1. Answer with yes or no whether B:Ser84 is without any contact (Cβ under 8 Å) to a residue 40 or more places away in the chain, within 19 Å of A:Leu77 (Cα to Cα), surrounded by 10 or more Cβ atoms within 10 Å (Cβ to Cβ) and more than 14 Å from chain A (Cβ to nearest Cβ).
2. Just the residues that are assigned to a strand (DSSP E or B) and either aromatic (Phe, Trp, Tyr) or at pLDDT below 90 (or both), please, taken from the range B:93-143.
3. Output the residue which, of all residues in the range A:99-127 that are more than 10 Å from chain B (Cβ to nearest Cβ), buried (at least 20 other Cβ atoms within 10 Å of the Cβ) and of a type outside the set (Lys, Arg), is nearest to A:Ser65 (Cα to Cα).
4. Just checking, which of B:Gly34, B:Gly12 is under 28 Å from A:Pro135 (Cα atoms) and among the small types (Gly, Ala, Ser)?
5. Return yes or no: is A:Gly145 farther than 30 Å from B:Phe119 by Cα and without any contact (Cβ under 8 Å) to a residue 40 or more places away in the chain?
6. Scan the range B:39-69 residue by residue and report those that are buried (at least 17 other Cβ atoms within 10 Å of the Cβ) and touching a residue at least 60 places away in the same chain (Cβ under 8 Å).
7. Residue check: is A:Lys211 of a type in the set (D, E, K, R) and either surrounded by 11 or more Cβ atoms within 10 Å (Cβ to Cβ) or outside any loop (DSSP other than H, G, I, E, B) (or both)?
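The values are calculated or read from the model by the stated rules, or taken from the named source; none is laboratory data. What you see is a predicted model; the values in this text were computed from it and never measured. Counting neighbours? That spans all protein chains shown, and the Cβs are built from the backbone with ideal geometry, glycine included.
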Amino acid sequence: MWRNLPTLLSSAVRTQKFPLATARLSTDANMQQFFDDEANFGKAELRPKYRPGRAWTADELRLKSNSDLHKLWYVCLKERNMLITMRKAHVSRARNMPNPERFDRVQESMDRIEEVVHERNDAVLRLETGESAAPRERTITSFAGFTYQKPAKEHYLPPENGQKEYEVPYLDDDAYMMQKLWTEKEYMKRRDQEDDVKRRAARTDDMERFKRGAPRVFNR
Amino acid sequence: MTSRLARLWQPGNPQRRTFLPDFWMAVVESPSVGRNKLPPNCVKFEVDPRMSRHDIREYLTKIYDLPVRDVRTEVQMGDIIWNSKLDYQYRKAMWKDEDKKFAYVFMSKGFTFSFPKMFEALEEDIELVKAMKQQEELKDKLNERFANRNRRVGNFLGS
């Protein structure tokens, strides 16, 4: 499925292949891809015809083939490069770029393409190897006693003694004390927050209105 | 993350390919006069700081189909904002802008590129409108003291 992409890629490259050196030199159109349509130059806002629509939704992208997604990715990439170029040009002249929401549309589309490709990759890998396509994670315990997930990393050489990190079931003295004090601190923070909430709820309108604090009684 | 991270490369493995690159490149304007002027077949890009020269060459030739001949890169350090500028010994950095990477890409002979003039028409227009307005305002004021006076000779003639 996804692994036949190299052939697709090479075919895509083959279609783009340079026909002749002379023909390539004369094409200024390739550099034009970095710039917006000339009708949009110097506009505060684009005309309705040129305004962006919506981003591709994930459901629409799921209907597309891998090669279509691959092409769409490059379309989005070029569009994003164009937008970055235009933004830099506008910023250098201290102007606002017209319709900056185009960035969001392109970025959303790209994120969703990645999402869909990940789904497909994941399905194939789960079927064939039983593992997900997401990067592997390890559970490790830090010197202060915190246990958390960390992405696994591949190494050329096996680890030296004491280099590899593990999850530790029983903490040593320092880590144990750290964890004890940490939970205590977190508990007190939560307690104070709850107190604040109660105090805010108990506050009456009069207290706001007359800027009055708690009752002050002197001879009691 | 679209897929698994690439495994470390070992000799004999196939070349690693990127199917969905997320690098960005943008054309930047370079001065048209002075010592920083570039030859016509050279284009200045601002690129994703993760890109190497080789990446830039591949990106431009494969995605944009440009006749790249040579790529030179420059990394520009971002500005640092200090809490006190002149106290060199004890000052602290409050903020540092991101570093920028620029690529000067030399295309093959005969290729010419000049940055399109995006704001020229608009700027001219603004200038023109301003000038017209000023003239309108000045028209009455310019020779106010001398021209267009009510030419009365004086009171002693009794008029």
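1. Details: without any contact (Cβ under 8 Å) to a residue 40 or more places away in the chain: yes; within 19 Å of A:Leu77 (Cα to Cα): no; surrounded by 10 or more Cβ atoms within 10 Å (Cβ to Cβ): yes; more than 14 Å from chain A (Cβ to nearest Cβ): yes.
No, not satisfied.
2. Restricting attention to the range B:93-143, the residues satisfying the condition of being assigned to a strand (DSSP E or B) are B:93-96, B:100-107.
Listed by number, the residues that qualify are B:Trp95, B:Phe102, B:Tyr104, B:Phe106.
3. Restricting to residues being more than 10 Å from chain B (Cβ to nearest Cβ), buried (at least 20 other Cβ atoms within 10 Å of the Cβ) and of a type outside the set (Lys, Arg), the top hit is A:Ser109.
4. Numbers: B:Gly34 fails: under 28 Å from A:Pro135 (Cα atoms).
On inspection, the qualifying residue turns out to be B:Gly12.
5. So A:Gly145 fits the description; yes.
6. Within the range B:39-69, B:Asn41, B:Cys42, B:Val43, B:Lys44, B:Phe45 qualify.
7. Values: of a type in the set (D, E, K, R): yes; either surrounded by 11 or more Cβ atoms within 10 Å (Cβ to Cβ) or outside any loop (DSSP other than H, G, I, E, B) (or both): no.
Judged against the criteria, A:Lys211 is not a match.
Conditions tested, residue by residue: (1) closer than 27 Å to A:Lys150 by Cβ; (2) in contact with a Lys or Arg (Cβ under 7 Å, 6 or more places away or on another chain); (3) not acidic (Asp, Glu).
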| residue | (1), (2), (3) |
| --- | --- |
| A:His90 | no, no, yes |
| A:Arg95 | no, no, yes |
| A:Pro98 | no, yes, yes |
| A:Glu101 | no, no, no |
| A:Asp111 | yes, no, no |
| A:Val117 | yes, no, yes |
| A:Ala123 | yes, no, yes |
| A:Leu127 | no, no, yes |
| A:Pro135 | yes, yes, yes |
